[in-house]
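The values are calculated or read from the model by the stated rules, or taken from the named source; none is laboratory data. Computed from a predicted model, the values in this text were never measured in an experiment. When we count neighbours, we look across all protein chains shown, and the Cβ atoms used for this are built from the backbone with ideal geometry, even at glycine.
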Amino acid sequence: MLILFQEGIPDIFFPALEARGFTIARFRTGEHDAARDFDGRKTASAIFFRANFKLTARVLDLLPGLKLAALVSTGADNVDTRALDERGIQLTTGEGANARAVFDYVLHALCADGFDFAGESLGVVGAGHIGKLLIDFFSQVGTAVSYYDPLLEAPGSLSDVLASDVVTFHVPLTANGPHATQAMLNASYFSGVHKRLRIIQSCRGGIWDAGFYAGLAPGQKPEILAQDVYPAEPPPVEDLARARYSTAHIAGYSTRGRLGGIVKGLAALLPGIEAEVRYPSGSAWFLEEEARHFAAQPLRFNALRDGYGWRKEFHEYDEAERAAFLKRFPRLPASVRERLFLL
């Protein structure tokens, strides 16, 4: 069986697949390059791909033998799900696999900013896997937290969210329907904001209105505290200056976040294989260092993203790594210190 893997997807599982008799071939990200790579590989039974590759009906026509489309990241705005259904092709996604990684990213950004967990408030837009983790955590540590998710039976309040000190977004990119998120972050969205408002944006760059985003600068309302996604990727160099911390689309890139979506796809091919997975040991990290690393080489967005190393999630930190984090942020209240490293 031939399996196609997009460039940039880690090859850690290749030896195990080849030992089971699978043949593996890489394909490039660009539409025309990928089409050339698919030539002669029409018998491929599965394709593993990322959020920056559009799986369209045209691509599927080039691969008539496909039975499985495995999106290794979250969201499916890059997938023609109707075309998959018409062809009877199974779709798996990494939904939920990187929730802890993005949760960590938000906590890193808040700690680096000196967020006052006792005196400031957090607003969460989108109460799915990631949003729920944040809402639960901040409720437990005694921080005022509000949320808004119009798809829930109890949607919360957008006005309450926008009255917070910091707002973090965790929504899919959708173009249709009454609650479409494409270009939703515009002047109208923030028209009622009259105080300082910091934003953490780590879901999809497409939720920004491009014109509104182009006019944002540090110190304006709203102010971008941390951004990991951009209206255009790779982003132009000037985009990095719009936020206090800009990173290269790595918010969900913990070791488990990067590999979890792959494992979900492999489980569709080989039921039970997830029980055999042993994740490689990663390292602790700091958001400020990642932002400095990106700022020093802003033209290497894709290389930094694709070549990102293995990263631990908070609950995987050893005693020394926990101590180093707490030493860097000594003003964290006891309630945060007690819960930060728990699974």
What do you reckon, is S191 in contact (Cβ under 8 Å) with a residue 40 or more places away in the chain and among the small types (G, A, S)? no
Give the residues of segment 77-95 that are crowded, with 17+ Cβ neighbours inside 10 Å and charged (D, E, K, R), sorted by residue number. D80, E95
Check whether at least one residue in segment 314-324 is aromatic (F, W, Y), touching a strand residue (DSSP E or B) at 6+ places or on another chain (Cβ under 7 Å) and under 19 Å from A112 (Cα atoms), and report yes or no. no
Please go through segment 138-183 and give me each residue that is surrounded by 20 or more Cβ atoms within 10 Å (Cβ to Cβ) and either part of a helix (DSSP H, G or I) or in contact (Cβ under 8 Å) with a residue 60 or more places away in the chain (or both), ordered by number. F138, V161, L162, T168, H170, L173
Checking H293 against (1) farther than 23 Å from G8 by Cα; (2) without any contact (Cβ under 8 Å) to a residue 60 or more places away in the chain, the condition it does not meet: (1)
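Are any residues in segment 1-15 free of Cβ contacts under 8 Å to residues at least 24 places away in the same chain and either part of a helix (DSSP H, G or I) or surrounded by 16 or more Cβ atoms within 10 Å (Cβ to Cβ) (or both), and if so, which ones?
Listed by number, the residues that qualify are F14, P15.
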Residue hits (segment 32-50; touching a residue at least 24 places away in the same chain (Cβ under 8 Å) and either loosely packed, with under 12 Cβ neighbours inside 10 Å or under 24 Å from the mean Cα position of the chain (by Cα) (or both)) are A34, A46, I47, F48, F49, R50
Keeping to segment 64-76, report how many residues are touching a residue at least 40 places away in the same chain (Cβ under 8 Å) and either of a type in the set (S, T, N, Q) or surrounded by 22 or more Cβ atoms within 10 Å (Cβ to Cβ) (or both). 5
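Given F22, F14, F53, which one is more than 26 Å from the chain's Cα centre (by Cα) and either at pLDDT 95 or above or farther than 23 Å from P172 by Cα (or both)?
Every option except F22 fails the conditions.
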Scan of segment 77-109 for residues that are in contact (Cβ under 8 Å) with a residue 40 or more places away in the chain, assigned to a helix (DSSP H, G or I) and among the β-branched types (V, I, T), ordered by number: V102, V106
